[in-house]
1. Taking the conditions exactly as written (under 18 Å from the mean Cα position of the chain (by Cα) and among the hydroxyl-bearing types (Ser, Thr, Tyr)), does Thr222 satisfy them or not?
2. Could you list, in sequence order, all residues of segment 122-145 that are of a type outside the set (Asp, Glu), assigned to a helix (DSSP H, G or I) and within 12 Å of His14 (Cα to Cα)?
3. Name the residue that is modelled with the lowest pLDDT, counting only residues in segment 153-188 that are part of a loop (DSSP other than H, G, I, E, B) and small (Gly, Ala, Ser).
4. Which of the residues belonging to segment 150-188 are over 30 Å from Val123 (Cα atoms) and crowded, with 17+ Cβ neighbours inside 10 Å?
5. Can Ser91 be described as among the hydroxyl-bearing types (Ser, Thr, Tyr), crowded, with 24+ Cβ neighbours inside 10 Å and in contact with a Pro (Cβ under 8 Å, 6 or more places away or on another chain)?
6. Evaluate the following for Pro220: is it in contact (Cβ under 8 Å) with a residue 24 or more places away in the chain and farther than 29 Å from Met9 by Cα?
7. Considering every residue within segment 54-66, establish whether at least one is in contact with a Pro (Cβ under 7 Å, 6 or more places away or on another chain) and not hydrophobic (A, V, I, L, M, F, W, C).
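The values are calculated or read from the model by the stated rules, or taken from the named source; none is laboratory data. Owing to the predicted nature of the structure, the values given are computational and were not obtained by experimental measurement. Reconstructed Cβ throughout: ideal geometry from the backbone, glycine too, with neighbour counts over all protein chains shown.
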Amino acid sequence: MSSDRLRLMAVHAHPDDESSKGAATTARYAAEGVEVLVVTCTGGERGDVLNPGYGPAPEGLEAMRAVRRQEMAAAAAALGVRQQWLGFVDSGLPEGDPLPPVPDGSFSLVPLEEASAPLVEVVREFRPHVMTTYDPSGGYPHPDHIMCHRVSVEAFAAAGDPERYRGRGEPWTPLKLYYNHGFSLVRMRAVHDALVAAGVESPFSDWIDSRQAREVPERPVTTRVECADFFAARDAALRAHATQIDPDGWFFAVPREVELATWRTEDFELAQSRVPSTLPEDDLFAGIRGTEHAR
């Protein structure tokens with residue numbers, strides 16, 4: 001990697017997560033000349049076909065993996081970012097009461113240091129100034145999202161330590177770690193209220209009610225990145241994941257003019273920082289840009 005450009009690494013669990021969480025932000029930074037790398041932990045092999053217009057589902061893990069790799073390549077192109085696989089196998093989303101165990105060999109069952117080692121290697125090769133990932137809950141309780149959080153935090157902590165993960169590249173110390181706020185209740189309520197005021201049916205009513213009923217805590221937002229000019233790139237990336245995203249479904253139920261008038265940012269929580277930064281921020285590179293750390 002070049003030494004004179006800012007670098008951002010977004011770590012995600014499955015192909016399509018990069019398009020539904022922080023996508024417009026990565027597209028904005030890439031367009032501005034920041035080197036952006038999306039790291040995808042699993043192949044999404046156990047994802048269901050969620051788009052009713054897609055047709056028959058690919059049969060078997062290998063077939064689904066191949067399709068989702070093609071979708072991921074198209075999404076990365078829409079966002080203007082690079083993308084790299086870690087190569088782990090999707091755990092699937094257990095459902096039922098009690099929850100069934102995840103299949104053997106799945107990402108969420110891999111011991112932490114074994115699962116983190118390839119990410120540490122990618123961090124040391126790419127040398128990001130900033131990393132983004134999920135909060136400790138995973139954003140929602142998918143076992144791969146929770147594991148993605150764990151390996152990201154481990155890589156952020158360990159990549160700069162020459163005594164750890166020997167043989168996995170030259171140490172590099174990332175400077176800031178952020179959590180995505182993809183499913184913020186505050187944002188959903190603001191857009192919901194704007195839709196109701198405009199006389200448009202809101203797709204968020206049941207979700208807001210269920211979140212409030214479960215008393216899901218709202219995590220703090222420290223950083224709001226203006227990225228409305230890149231909502232179209234985000235939408236194109238979402239549509240690229242044709243097995244997962246219904247173009248007539250939930251993700252596209254909010255008229256873009258309402259979204260643009262109501263919420264023009266993507267929001268993040270600064271989880272760890274090794275550089276001084278004044279909160280709130282409007283830039284993931286606050287405290288880095290224009291300093292000796294931007295190398």
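1. yes
2. Within segment 122-145, Pro143, His145 qualify.
3. Out of the qualifying residues, it is Gly182.
4. Across segment 150-188, the qualifying residues are Leu185, Arg187, Met188.
5. Working: among the hydroxyl-bearing types (Ser, Thr, Tyr): yes; crowded, with 24+ Cβ neighbours inside 10 Å: yes; in contact with a Pro (Cβ under 8 Å, 6 or more places away or on another chain): yes.
Against the criterion (among the hydroxyl-bearing types (Ser, Thr, Tyr), crowded, with 24+ Cβ neighbours inside 10 Å and in contact with a Pro (Cβ under 8 Å, 6 or more places away or on another chain)), Ser91 qualifies.
6. Numbers: in contact (Cβ under 8 Å) with a residue 24 or more places away in the chain: yes; farther than 29 Å from Met9 by Cα: no.
So Pro220 fails the test.
7. From segment 54-66, those in contact with a Pro (Cβ under 7 Å, 6 or more places away or on another chain) are 64; that's our starting set.
Next, from what is left, pick out any that are not hydrophobic (A, V, I, L, M, F, W, C): none.
The answer is no; no qualifying residue exists.
Results for (1) at pLDDT 95 or above; (2) in contact with a strand residue (DSSP E or B) (Cβ under 7 Å, 6 or more places away or on another chain); (3) at negative phi; (4) of a type in the set (A, V, I, L, M), shown as yes or no for each residue.
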| site | (1), (2), (3), (4) |
| --- | --- |
| Ala77 | yes, no, yes, yes |
| Gly80 | yes, no, no, no |
| Phe88 | yes, yes, yes, no |
| Ser91 | yes, yes, yes, no |
| Gly105 | yes, yes, no, no |
| Leu109 | yes, no, yes, yes |
| Leu112 | yes, no, yes, yes |
| Leu119 | yes, yes, yes, yes |
| Val122 | yes, yes, yes, yes |
